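Asker: Please see the structure below; I have some questions.
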Amino acid sequence: MEDRELFLKAKEVMPRAYAPFSGFKVGAALLSTDGRVFTGVNVENSSYGGTICAERGACMKAISEGAQKFEMIAIATSEDFAWPCGLCRQFLYEFAPDLKVIAGPDEDNLRTLTLKELLPEGFRL
């Protein structure tokens, strides 16, 4: 799957995000090594610690469907672009330290980094 195609899947689900407090909607599409794509959106909560990021949502969906090995993730946002937060970086690192991470303001302006570039000394057992 190409970067652009995965990003478009993230962009497609992004409007479904529940972001009544920040208004910052995020969609993520996670590609497993067996070719399946799992999507997620951010879900805010009035108890801010209960908020779930799109990246972790996609990963939890994948794990619940039996996937635990991943190739790349794309992130689309309602404003410009954003990389995964620190919590999501560590969460994803547990499963795929070499994960390719794609982000951009739109499908024609994408940037790619590896998870190890975003979290060079991630913790892993």
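Nothing in this text is a laboratory measurement; each read-out follows from the coordinates by a stated rule. The model shown is predicted, which means the values in this text are computed figures rather than measured ones. Backbone-built Cβ (ideal geometry, glycine too); neighbour counts: all protein chains shown.
Asker: Which value at 222 nm does the chain reach when only helices count, each DSSP H run of 4 or more adding -39,500 (n - 2.57), with the total divided by all residues and rounded to the nearest 500 deg cm²/dmol?
Answerer: Calculated from helices alone, the mean residue ellipticity at 222 nm is -7500 deg cm²/dmol.
Asker: What are the semi-axes of the equivalent ellipsoid of the chain, taken as the square roots of 5 times the eigenvalues of the Cα gyration tensor, listed largest first and rounded to whole Å?
Answerer: Value: 20, 17, 14 Å, ordered largest first.
Asker: Relative contact order for the chain using alpha-carbon pairs under 8 Å, separation at least 6, rounded to a whole percent?
Answerer: Rounded, it is 22 percent for the chain.
Asker: For the range 82-122, compute the orientation-averaged projected area of the C-alpha convex hull (one quarter of its surface), in nm².
Answerer: Averaged projected hull area, Cα only: 2.7 nm².
Asker: If packing is taken as the mean number of other Cβ atoms within 10 Å per residue, what is the order of 51-63, 18-30, 82-94, highest first?
Answerer: 51-63, 18-30, 82-94
Asker: Taking every DSSP beta bridge that has both residues in the chain, what percent is antiparallel when rounded to the nearest 5?
Answerer: Among the beta bridges of the chain, antiparallel pairing accounts for roughly 75 percent.
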